[in-house]
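We did not get these values from a lab; they are worked out from the coordinates using the rules stated. Since this is a predicted model, take the numbers as computed values, not measurements. Cβ: placed from backbone, ideal geometry, glycine included. Neighbour counts: every protein chain shown.
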Amino acid sequence: IKKKQQEVVGFLEANKIDFQQMDIAGDEDNRKWMRENVPGEKKPQNGIPLPPQIFNEERYCGDFESFFSAKEENIIYSFLGLAPPPGTKVCTAV
């Protein structure tokens, strides 16, 4: 879990994307908020989603696997619900 969290944070920092990291290990309110705001279809069978879970404000973006796929497919800004910075190459299908 820690390695996945570090990968997400490292990517966001390297791309100068503002973010706020929420501690769910030591903060019951944050843990409860995450569990309540991950959509049902994204929750594992035990009902407890594992971090990292990625949100843009109240909007659920996805889990680590979704983040990784979006990064690999060069659609990370869309995944995060952000406009790409000027000069960013954006893939388009023709």
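Here are the numbers:
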| quantity | calculated |
| --- | --- |
| The chain: DSSP helices with Cα axial extent of at least 20 Å and average Kyte-Doolittle hydropathy no lower than -0.5 | none |
| Compactness of the chain, expressed as Rg and Dmax over alpha-carbon positions, Å | 14.1, 48 |
| Listed residue pairs exceeding 20 Å between alpha carbons, taken from Lys3/Lys32; Lys16/Lys42; Lys3/Lys71; Lys43/Lys71; Lys4/Lys43 | Lys3/Lys32; Lys16/Lys42; Lys43/Lys71 |
| Asn74 paired with Asp23, simple spin-label distance in nm, labels 7 Å along Cα-to-beta-carbon | 3.9 |
| Within straight-line cross-link reach of Lys2, aspartates and glutamates at Cα separation under 13 Å, skipping those fewer than 8 residues along the same chain | Asp23 |
